[in-house]
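What follows is one structure encoded as structure tokens, with my remarks underneath.
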């Protein structure tokens, strides 16, 4: 009995004297929901954060209305992120808590300087989530964007996240994709790009002159994680289609004097690499998709198999052209393999990859690319021929 | 062990001391005046003791002895005294020697008459509400069963209510209780072994089981454990329960108690043993497993799908009642990363003005809730509702508005409170009520790590428990797949083909297979 008591005392003191006490009450934490990184000449980097003001979110007080902002912006300059974080903490009455940070914004200037030596903090902090959506602010700075509130979302940082989700992309794994790409040789990273502007003007949302933002495509990085350019939204979607990330997409083509829209809900892609004897690399990309025609502003009666086949071929032809255009643009303008073709070779012809990987960007630019688009129209709707007769 | 022996000895000596010294061997004397003297001495200062002489031919020939209030005096008057006094014995009163015989024949109107020859037996009989009759010149006494004490009517048990199902419950009278059982199982196999426990209380205890189903080893163990009990009085079955359970230092009851005769009957059919104690409506059923804590009587009176559904809800409620407050504390103070952003923000918003750490807050609220609950039992009925309204207002609204506790915390505690009543067995739920506090403190000190430690410790304890040789967690650990039909799910009646492995002895088959209703039924 006595021995039991001693055991109990020893074991229970083991629980409470380990010293690793990291209990922090919620009201002693500053909930940090978005991080912005900007380059400041000479001084280094500027770290800015969007922090929620919980008392303004209190549902009992009518939910943060009154035109008051329910977040505040805080920023500090430092040599690197840790330095800046320490400087920020001096301006913050509560311990900054990064566990809920879902958005990472990178100013264009910062991105152009290269991210290679600046992103270590996002991986090493145990509280920071890798489930982060990272954006490059096109023609702008991260701090400007963090300062904007969004009329629909209580937490403004949710807005770019949801915009990206609606557009159908890598969503909150985009930062993870970026890191993976940065660490492998057969793929170059890209991040979604966002642009600040008066996008809501004249559309009945928000006040006149109030700035907002929209997703504008993707930012392409090179091997040193330096920003080398942008792709627009359509090109970004092509890239996601090739990488089999995109789940749904609407395609619109012009035929004669009208247009037809196809809503794809099943999309697939297959990349087949080929290396000829004289080391010429060739890729065959087979894109597939299934969907329904949801809008038909032509004179064609799609209930006729003949017309349907015509439209299907037209879709295939036009989108083949578009995808080829995207790939060629990346090959010629940026010369970095954001499609991950190198990884495909790595997986399918591993023994050849060793010779190719060292100068991959060059070889990627020189590779031949053949695109096959094979779309299937499953439904055309029962509403009969179009109104235009 | 030594202490016990000593105690036994003292008790024995006491008994001998209390008997009149000039009486040998406890036998009734043929001299009626001696018997009278002995009885009067035994019942000295017992104001409820009645010894009534009946004079025949001017001499005291017969004594009627009973305890006032225990025996049915009216019946006694009508079937015995009246004919004696006014009509006289039909055969004449000549021969004294025959009186006893005549009386015995004459008392046929009383259902149960026994003859005893020992003084102690006579005294015991009288104390057990019989009427004793001693006759001059006879060395035997008669005990007429004329129990007539007050008893409560059969009511629906308030602790185990069912929507559909029988509404009768046990009462304080043991005989009524056995009759309730016998009415359900009309078989000679239903055995009710009597045993008397309690030095002073002399409480009747009955071991009920079904011969042929019960596991003999369990039954023997019950008998020996009951016989070992040395206690001054048994006022409730809990007195016995604490003597015969396997692990006294466990918060979990290892013997189930119930007020419902249908539960007892069903348990007997499963091969369990029931212990019925006089003067309490609560019968003990053993062996008990963890899972029988979740089996409500209603489960077997509803359609099996609904019963299964409600049982799953019950398991969820159980985990809510143990873990919800501690998980809330661990999440908010140690792992806010795991809370969805918008939820975290609303929690943060409502916690903004709260001065206490979350653990203290929960402990405070839980304490208030348990206080209210306890007060609700104690308070006189007319005051009770007023207090609970004030309690609800104070806790629910005023505390939040005053900023002493946060609104989510009230939700957490209220949900936990409701969940803790989802466990059908009250005494089983009590165990979890205590564990909740332990978990809370662990979570407050160590976060999820503490909860996991607590959960592992709890599981280890539960798996180690046994009730009369039956592992507490069976049939899940050790796993007996055949017996899983009545654990999380409640299989349809026709699927209960076998009795539980651990409970039943020889007779494992319960009902024949192939009774599932179908159009082809009965064709073969």
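The values are calculated or read from the model by the stated rules, or taken from the named source; none is laboratory data. These figures come from a predicted structure and were not determined experimentally. Methodologically, a virtual Cβ is constructed for each residue, glycine included, from the backbone with ideal geometry; neighbour enumeration extends over all protein chains shown.
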### Task
Considering only the range A:96-164, give the helices (runs of 4 or more DSSP H) lying wholly within it that have at least 2 residues that are at pLDDT 85 or above, farther than 22 Å from residue A:30 by Cα and more than 13 Å from chain B (Cβ to nearest Cβ).
A:108-113
### Query
With respect to the numbered conditions (1) at pLDDT 90 or above; (2) within 14 Å of chain A (Cβ to nearest Cβ), which one is the sole condition not fulfilled by residue B:300?
(2)
### Task
Would you tally the residues in the range A:181-204 being at pLDDT 85 or above, under 20 Å from residue A:230 (Cα atoms) and either touching a strand residue (DSSP E or B) at 6+ places or on another chain (Cβ under 7 Å) or surrounded by fewer than 17 Cβ atoms within 10 Å (Cβ to Cβ) (or both)?
9
#### Entry: Filter result (under 24 Å from residue A:179 (Cα atoms) and either touching a helix residue (DSSP H, G or I) at 6+ places or on another chain (Cβ under 7 Å) or without any contact (Cβ under 8 Å) to a residue 40 or more places away in the chain (or both)) within the range A:293-328
A:326
### Query
What single numbered condition from (1) more than 13 Å from chain A (Cβ to nearest Cβ); (2) in a helix (DSSP H, G or I); (3) more than 26 Å from the chain's Cα centre (by Cα) fails to hold for residue B:397?
(1)
### Query
Does residue B:389 satisfy being modelled with pLDDT of 90 or more and assigned to a helix (DSSP H, G or I)?
no
### Task
Go through B:343, B:372 for me and flag whichever is on the phi < 0 side of the Ramachandran plot and without any contact (Cβ under 8 Å) to a residue 12 or more places away in the chain.
B:343
### Query
When you scan the range B:323-341, how many residues do you find that are surrounded by fewer than 24 Cβ atoms within 10 Å (Cβ to Cβ) and more than 7 Å from chain A (Cβ to nearest Cβ)?
8
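Yes or no, residue by residue, for (1) within 14 Å of residue B:324 (Cα to Cα); (2) out of contact with any strand residue (DSSP E or B) (no Cβ under 8 Å at 6 or more places or on another chain); (3) surrounded by 13 or more Cβ atoms within 10 Å (Cβ to Cβ); (4) touching a residue at least 60 places away in the same chain (Cβ under 8 Å):
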{"site": "B:379", "(1), (2), (3), (4)": "no, yes, yes, no"}
{"site": "B:382", "(1), (2), (3), (4)": "no, yes, no, no"}
{"site": "B:396", "(1), (2), (3), (4)": "no, yes, yes, no"}
{"site": "B:410", "(1), (2), (3), (4)": "yes, yes, yes, no"}
{"site": "B:414", "(1), (2), (3), (4)": "yes, yes, yes, no"}
{"site": "B:419", "(1), (2), (3), (4)": "yes, yes, yes, yes"}
{"site": "B:433", "(1), (2), (3), (4)": "yes, yes, yes, yes"}
{"site": "B:436", "(1), (2), (3), (4)": "yes, yes, yes, yes"}
### Message
Return the residues of the range B:505-524 that are in contact with a strand residue (DSSP E or B) (Cβ under 7 Å, 6 or more places away or on another chain) and modelled with pLDDT under 85; say none if nothing qualifies.
### Response
B:505, B:508
### Message
Quick test of your reading of the structure: residue B:293 fulfils all but one of (1) assigned by TED's automatic domain parsing to the domain that holds residue B:243; (2) assigned to a loop (DSSP other than H, G, I, E, B). Name the failing condition by number.
### Response
(2)
#### Entry: Failed criterion for residue B:196 (all others in (1) farther than 23 Å from residue B:158 by Cβ; (2) assigned to a helix (DSSP H, G or I) hold)
(2)
### Task
Determine whether the range B:320-340 contains at least one residue that is at pLDDT below 90 and either under 30 Å from residue B:203 (Cβ atoms) or in contact with a strand residue (DSSP E or B) (Cβ under 6 Å, 6 or more places away or on another chain) (or both).
no
### Query
Has the range B:351-366 got any residue that is assigned to a helix (DSSP H, G or I), facing another protein chain (nearest Cβ under 8 Å), modelled with pLDDT of 85 or more and buried (at least 21 other Cβ atoms within 10 Å of the Cβ)?
yes
### Query
Which condition number in (1) surrounded by fewer than 21 Cβ atoms within 10 Å (Cβ to Cβ); (2) in contact (Cβ under 8 Å) with a residue 40 or more places away in the chain; (3) more than 38 Å from the chain's Cα centre (by Cα) is the one that residue B:315 fails?
(3)
#### Entry: Matching residues in the range B:141-164 - criterion: being buried (at least 16 other Cβ atoms within 10 Å of the Cβ), assigned to a loop (DSSP other than H, G, I, E, B) and touching a helix residue (DSSP H, G or I) at 6+ places or on another chain (Cβ under 9 Å)
B:146, B:148, B:154, B:160, B:162
### Task
Could you please let me know if residue A:254 is at negative phi and at pLDDT below 90?
yes
### Query
Filter the range B:230-246 for residues that are touching a helix residue (DSSP H, G or I) at 6+ places or on another chain (Cβ under 8 Å) and either closer than 23 Å to residue B:217 by Cα or at pLDDT 95 or above (or both); which is surrounded by the fewest Cβ atoms within 10 Å (Cβ to Cβ)?
B:230
